[in-house]
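See structure below.
The values are calculated or read from the model by the stated rules, or taken from the named source; none is laboratory data. Not measured: the values here are computed from a predicted model. Quick reminder, even Gly has a Cβ in these numbers, built from the backbone with ideal geometry, and neighbours come from all protein chains shown. Areas reflect the complete protein model, heavy atoms only, side chains present, ligands, DNA and RNA absent. Shrake-Rupley method; radii C 1.70, N 1.55, O 1.52, S 1.80 Å.
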Amino acid sequence: MRGSDERTGTLFSYVDVEDRVPSNHPLRSIRTIVNDVLEGLNGEFARIYSDKGRPSIAPERLLRALLLQAFYTIRSERQLMEQLDYNLLYRWFVGLGVDEAVWVPTVFTKNRDRLLEADVARKFLAELLNHERVRKLLSDEHFSVDGTQVQAWASMKSFRAKDGSDEPPGPGRNGERSFHGEKRSNETHASTTDPEAQLHRKGAGKEAKLAFLGHALMENRNGLIVEADLTQANGLAERQAAQVMIARHAPDARRLTLGADKAYDTRDFVADLRQLNVTPHVAQNDTNRRSAIDGRTTRHCGYAVSQRKRKRIEESFGWGKTIGGLARPMLRGVDKLRFKFTLTMASYNLIRIPKLLAAAT
């Protein structure tokens, strides 16, 4: 017998969101770990929020929503709020009931900025790595570092002369702008859309883009990100960020190793690492000059292992750009992008941790 297609309205609903999520759904194990991490940050949340006035968005719910944005490639907060309104899985993960109203996008972003000012993304990553089940997955001796270009949310047409001597784009929504014969640099030009963005070329033969540089420190046992940062794009940023991250993650530690590509093969960087009690397993850049890494380092079998392991860090950058929304984030300024980059690296860890824990049992 053919079923009826008629719709009958219901006055009451008895849907339990918990029952609608399959017991073997991947987000269940992730949510358990996330809730433990957020419980550990409870003291930090109490410090940055006042105990008076009207209640704002709970920081725990806000962070869970931002993690969803990275997991499911949701390009903006406005689209995130729209999908939270009708997606039961998203409501369950964030902690919203079926009948609870979703937040206004502008209110959501203002509350996000409060977490940004308190550096909550970095603290969330640190608390995640300190989780009792995650800690045993990490190496405490062998690490790798690398940087990646994060394209700014600004058009090249916005890169104008600081003294106003160049011609503005033509009229209209997408006016023409001729750059032929014009020399532009970060010293003489700046973006009117995002003044902190820098003109940067990732490598030889690559086009210059308005961009920032994201940096990550990876432990070599399972390829999890243990430190993340984002800075303006310049020739020294990658090496400076590497020193800051390794010193912050393992201050006064015993002898460590740090794998890196040829861009890190400079005498100053290698000497600074040795001052930090870190053995520089840096790829030799002997194309045009003498490498700072010699046979005293390369003769050890651990050097070859580090050179193989360090390439896994590209997986986190690839996931962050194809899935996590780092290809061209819809944010402006170093602070907001640093928050986004760090939380995306934490999201990458969360995607991988349940599988690693299952394999370890």
| field | Farthest toward positive dipole pole in the range 113-168 [+1 Lys/Arg, -1 Asp/Glu at C-beta], among S155, P168, L125 | value | L125
| request: Report, by chain and number, residues whose modeled amide H sits under 5 Å from the one on H200, excluding near sequence neighbours (fewer than 5 apart, same chain). | output: K209, L210, A211
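Quick check for me: using +1 on Lys/Arg Cβ and -1 on Asp/Glu Cβ, what's the dipole size of the chain about its Cα centre, in debye to the nearest 20?
Approximately 920 debye in magnitude.
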| In nm, what is the difference between 0.36 nm times the number of residues separating R308 and K262 and their Cα-Cα distance? | 15.2 nm
| For the range 36-190, size of Cβ-based charge dipole, Lys and Arg +1, Asp and Glu -1, in debye | 320 debye
| task | Filter the chymotrypsin sites (Phe, Trp or Tyr not before Pro) in the range 11-96 down to the DSSP loop ones having no more than 10 other Cβ atoms within 10 Å, then list what survives. | result | F12, Y14
| message | Given the DSSP H assignment, sum -39500 (n - 2.57) over each helix run of at least 4 residues in the chain and divide by its residue total; what's the result at 222 nm in deg cm²/dmol, nearest 500? | response | -12500 deg cm²/dmol
| message | With the cut-off at 32 Å, tell me which of the pairs K110/K183; K183/K336; K162/K336; K52/K321; K52/K136; K136/K209 have Cα atoms farther apart than that. | response | K110/K183; K52/K321; K52/K136; K136/K209
| request: Take the alpha carbon atoms of the range 305-361, find their center, do the same for the range 42-82, and report the distance between the two centers in whole angstrom. | output: 20 Å
| note | Heavy-atom accessible area with a 1.4 angstrom probe orders L210, L236, most exposed first, as L236, L210
| remark: Given Cβ charges of +1 for Lys and Arg and -1 for Asp and Glu, the option among I74, Q275, W103 whose Cα lies farthest towards the positive end of the dipole of the chain is Q275
| note | Relative contact order of the chain (C-alpha contacts under 8 Å, at least 6 apart) in percent is 20 percent
| task | Would you compute, for the Cα atoms of the range 63-136, the largest minus smallest coordinate along each principal axis and list the three values in descending order, in whole Å? | result | 38, 26, 22
| said: Taking Rg/Rh (Cα atoms, Kirkwood Rh) straight from the coordinates, which label in (1) 1.03; (2) 1.00; (3) 0.96 is the correct one? | reply: (1)
| query | Relative contact order of the range 185-233: what whole-number percent is it, with Cα pairs under 8 angstrom and at least 6 residues apart? | reply | 30 percent
| query | DSSP beta bridges in the range 179-338, what fraction antiparallel, as a percent rounded to 5? | reply | 65 percent
| message | Over the range 265-361, what portion of Cα pair distances is larger than 16 Å, expressed as a whole percent? | response | 70 percent
| note | Expressed as a whole-number percentage, the relative contact order of the range 202-361 with C-alpha contacts under 8 angstrom and at least six residues apart is 22 percent
| request: For R54 and H25, calculate 0.36 nm times their separation in residues minus their Cα-Cα distance, and state this gained length in nm to one decimal. | output: 6.9 nm
